[in-house]
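Novice: Below is the structure I would like to discuss, written out as structure tokens.
The values are calculated or read from the model by the stated rules, or taken from the named source; none is laboratory data. These numbers were taken from a predicted model, which means no experiment stands behind them. Note that each Cβ is placed from the backbone with ideal geometry, even for glycine, and that neighbours are counted across all protein chains shown. Side chains included, ligands, DNA and RNA excluded: accessible areas come from the protein's heavy atoms. Shrake-Rupley method; radii C 1.70, N 1.55, O 1.52, S 1.80 Å.
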Amino acid sequence: MNAMLLLYSSRNGHTQHIIQKVAQCLGEQGIDCDVADLHCLANPEWQQYQQVIVGASIRYGNFHPLLWRFVRQHSQALNQRKTAFFCVSLVARKASKCTLEGNPYLRKFLKHSPWQPTLCKAFAGALRYPHYRWFERRIIQLIMALTGGETDVTQEIVYTEWQHVDNFARQCAEKLCLSGS
């Protein structure tokens, strides 16, 4: 049985935590997973994988440039497989922003990406003020103030709904692994 490839693009580690939770849930369903940092993986051995999940964080409204480079470079291989994509952002802390229809980052990604995943989802991220540099902390605090979020810079809040992550992993198992080719 081939393993599923799970890739992540993370800036502060929370997207990595989410992809590891997805891998754990898939493993509980008997699916072997190889997890890798997309920023460190130049050329995946595509022949080993028929299913791929990619998770990426949003920072100041943008994905990491290395994610875009990876997607452009490997779009043909990705489009030949059953794939899923999720993004992680603080915007998704609002229930209406967790869906493809409600999340501007997912819609923008699909509009500009040469890769079109089978499944897409948005997850709320983590707000970890104490870990940010001074300027970054102030910018995020301003954004949170404008959007009705937490502004106390001593706080660390994980907005991720872990049950949603489990549900996404089950959807991936069903649609990427169990459905017909």
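Novice: Rounded to the nearest 5, what % of the DSSP beta bridges within the chain are antiparallel ones?
Specialist: 20
Novice: Right, here's the next one. For the chain: lysine pairs with Cα atoms under 19 Å, gap of 8 or more or different chains, count?
Specialist: Qualifying lysine pairs in the chain: 13.
Novice: Only helical DSSP H runs with n ≥ 4 go in: add -39500 (n - 2.57) per run for the chain, normalise by residue count and round the 222 nm mean residue ellipticity to 500 deg cm²/dmol.
Specialist: The helix contribution divided over the chain gives -11000 deg cm²/dmol.
Novice: Right, here's the next one. Against the longest principal axis of the chain, how steep is helix 162-172, in degrees 0 to 90 to the nearest 10, with axes from Cα atoms?
Specialist: The helix 162-172 is inclined about 20 degrees to the chain.
Novice: Follow-up. Of all accessible surface on the chain at a 1.4 Å probe, what whole percent is carbon and sulfur?
Specialist: Its accessible area is 49 percent carbon and sulfur atoms.
Novice: Give the calculated FRET efficiency between Ile139 and Ala42 to the nearest 0.05, with a Förster radius of 25 Å applied to their Cβ-Cβ distance.
Specialist: So, using R0 = 25 Å, E works out to roughly 0.20.
Novice: So with the 1.4 Å probe, I'd like the accessible area per residue for the chain, rounded to whole Å².
Specialist: Ligands and nucleic acids excluded, the figure is 51 Å² per residue.
Novice: Same structure again: Starting from the amide H of Val54, placed 1.01 Å from N in the peptide plane, find each other amide H under 5 Å away whose residue is 5 or more places distant or on another chain.
Specialist: Leu7, Ala84, Phe85, Phe86
Novice: Now, a different point. Using the Karplus curve 6.51 cos²θ - 1.76 cosθ + 1.60 with θ = phi - 60°, what ³J(HN,Hα) values do you get for each residue of the range 132-139, in whole Hz, with x for Gly and Pro?
Specialist: Using θ = phi - 60°, the values come out as 8, 5, 3, 5, 4, 4, 5, 5 Hz.
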